[in-house]
Amino acid sequence: MANRKHVLVLHLTLFLSLLLHAACKSTIEPCSNSDSCNALLGYTLYTDLKVSEVASLFQIDPIALLTANAIDISYPDVEHHILPSRLFLKIPITCSCVDGIRKSVSTHYKTRPSDTLASIADAVYGGLVSSDQLREANSIDDPSILDVGQNLVVPLPCTCFNGSDNSLPAIYLSYVVRPVDTLPAIAARYFTTLTDLMNVNAMGSTAVNDGDILAVPIPACASNFPKSASDFGLLVPNGSYAITAGHCVQCSCGPRNLNLYCMPASLAVSCSSMQCRGSNLMLGNVTVQQTGGGCNVTSCNYNGIVNGSIVTTLSPSLQPRCPGQCYTHIPNALYNSLYNESFCCISKILNRSFLWLVGFHSG
């Protein structure tokens, strides 16, 4: 009798587990063309990993991983620094149209001893994919049999929604709901509204379950580069930056406004001239001149890379007042914000982010 009760409990536990897993929802975006977009995955480290190991897990550029998370790339040997377990990261991916829906299929995983489809899905990839999706994507008949070293396609959730949210530039983050999460808290965390989050995910109520995957719009800074530029359409999520122009230019977004600010990158690479024609200003520099009618502000801005050459433009404007010492290298676009002072210390913010991640403390 005791054995029968034990078996019944095991069966009931398995049933409830399967029911809960089946109840998990994911926002799916239908598509009908071959275009793609940049998207983000919300990922929590399942163990301590080097920057390069996380990048390898998703087959992405380590520099793209660092910039998406506002980590300073100028530190020596930064790709080999260890990130702590349970750290939440934004993983930049390319979101494609596959079999009529948006998803990323560029990630592959090589199986190791003791791996199961469930452990790969739930632990290694943090619930961003299910064991059933892995089985289907790889045509696996018997999920209990995995060969060591087997190469698996890992289909990952993503959305594009035309790169906009309420007609404003946005990049979408696929976020796995945790037991402690509520929809209002998620909306507040990513600077959106509860109504917007519900509309994006076609939700009739605010109820969310552990393991649900939501599409979260992240406000972004849009570029206005000409179509001839190889980085045409560059979109940078708020609170991060991107490296473009062959690792020569760094373009930042936020945290307090949505104006793109570009400057020379800190990587030691060979680059074309970044000086604005007809001036002695370099990319990212400004000059200010007090006049009776206000302050003349002239900035040297980035306008894309065309045929291998960095294009810069000189942009003059008249501002009500001149910026203080803090703004000597802040362009006109950033000066217009009430919170421009945050950009004066952007390098300090990046430094502190990095030092915290690797276990140091900044003064």
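Read-outs throughout are calculated quantities, based only on the coordinates presented, and are distinct from any laboratory measurement. Here the structure is a predicted model, which means the values were calculated and not measured. Cβ sites come from the backbone with ideal geometry, for glycine too, and all protein chains shown count toward neighbours.
With R₀ set to 25 Å, the beta-carbon distance separating LYS110 from TYR75 gives a calculated FRET efficiency near 0.30. Put a dot 7 Å past the Cα of LEU314, heading toward its Cβ, do the same for THR195, and the two dots end up 4.7 nm apart. Taking Cα centre as origin and charging only the Cβ of basic (Lys, Arg, +1) and acidic (Asp, Glu, -1) residues, the dipole magnitude of the range 26-98 rounds to 200 debye.
Once the chain from LYS227 to VAL180 is taken as fully extended at 0.36 nm per residue, the excess over their C-alpha distance is 12.5 nm. Note on the range 102-199: semi-axes of the ellipsoid equivalent to its C-alpha gyration tensor, largest first and rounded to whole Å, are 32, 16, 10.
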